[in-house]
Amino acid sequence: RDIDERVKARRELQRMGRELELAQAIQADLLPRRSPTLDGFDIAGASHPAVETGGDYFNYIPLDENRLAVIVGDVTGHGFGAALLAAASHAYLRALITPECDLENIATKLNQLLLADTRGERFITLFMGVIDAKTRRMAYVSGGHSTGYVLDASGAIKTELASTGPLLGAIDDIDIKLAGTVELAAGDLICVCTDGILEAANKDGALFDYPNVLATLREHQTRPASEIVPALMTAAADWCHHKIEDDMTAVIAKVL
């Protein structure tokens, strides 16, 4: 009987392992496989879950030849539950985002859909920006997401991409507003990340936080976006001695 039970337990572990690998593969397929092509911009992003699956999410959705929607989301918690809500958000946004791209309306509709799914038990912070390569402008909404930054060519803070409304999936009647248009110029660097990077804590409990994010961006600002993203991830991981407790995601866009 003992041998039979051990065999059954081993088979169950193997089954769970296969299901976990499948979940990881599905989640990986939801993330962009390559950087987007947008004239005059160099864009890259990456997401690393704290455990096998995570609740962070990012995506690029072309609207036309000149405009690109950039999305960064962070579901509360991590693991399977957060991953499922991230996957649902991905599907909803693919359906909601059209060339007209009314960001306020999209955020409101997404909030209603998520609230129906979760009954307010799980939430997501979400940044949605539309970069226009022709006018070199960006419009955005941010539902409770961590503040992003636009640095100018000298590394000075040009614009803070602050939250413009509450997080999504928590309450029925939200008021999320479109931020004023951000004017972009050659040499500018846009960074949007999740709080897994900001809240990475060292052995003394000190957080990586915005000063270190900005210092890392400035240190690597002349490098391609595809090199700045891993440099930021590595700096945050080194800060917490690789004891990563939350999903880490960042998107960098450089104006050429």
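The values are calculated or read from the model by the stated rules, or taken from the named source; none is laboratory data. Just so it is clear, the structure is predicted and the values come from calculations on it, not from any experiment. All Cβ positions, even for glycine, are placed from backbone atoms using ideal geometry, and neighbour counts span all protein chains on display. Note: areas computed on protein heavy atoms with side chains; ligands, DNA, RNA excluded. Shrake-Rupley method; radii C 1.70, N 1.55, O 1.52, S 1.80 Å.
Assorted remarks:
- Net charge of Cβ neighbours under 14 Å - reference residue 64; Lys, Arg +1; Asp, Glu -1: -2
- Relative contact order %, the stretch 192-256, counting alpha carbon pairs below 8 Å whose residues are six or more apart: 48
- Legend: distances between Cα atoms for 134/254; 158/203; 158/243; pairs beyond 26 Å are 158/203; 158/243.
- For residue 226, the shell of other residues with beta-carbons less than 14 Å away shows a net charge of +2, using +1 for Lys and Arg and -1 for Asp and Glu.
- Label-to-label distance, nm, for residues given as residue 147 and residue 185 (7 Å Cα→Cβ offset): 2.2
- Fraction of accessible area attributable to carbon and sulfur, the chain (%, probe 1.4 Å): 51
- Local electrostatic count at residue 99 - Lys and Arg +1, Asp and Glu -1, tallied over other residues with Cβ under 10 Å: -1
- Note, ³J(HN,Hα) from phi for the stretch 203-209, Karplus 6.51, -1.76, 1.60, rounded to Hz, x at Gly and Pro: 5, 8, x, 6, 7, 4, 6
- Virtual spin-label span in nm between residue 66 and residue 234, 7 Å along Cα→Cβ: 3.9
- Estimated distance in nm for a label pair at residue 109 and residue 154, the labels positioned 7 Å out from Cα along Cα-to-Cβ: 4.4
- Contact order for the chain, expressed relative to its length and based on alpha carbon pairs under 8 Å spaced 6+ residues apart, stands at 22 percent.
- Solvent-accessible area per residue in the chain equals 50 Å², computed with a 1.4 angstrom probe and all protein chains kept.
- The stretch 178-256 and the stretch 100-114: distance between their alpha carbon centers, rounded to Å: 27
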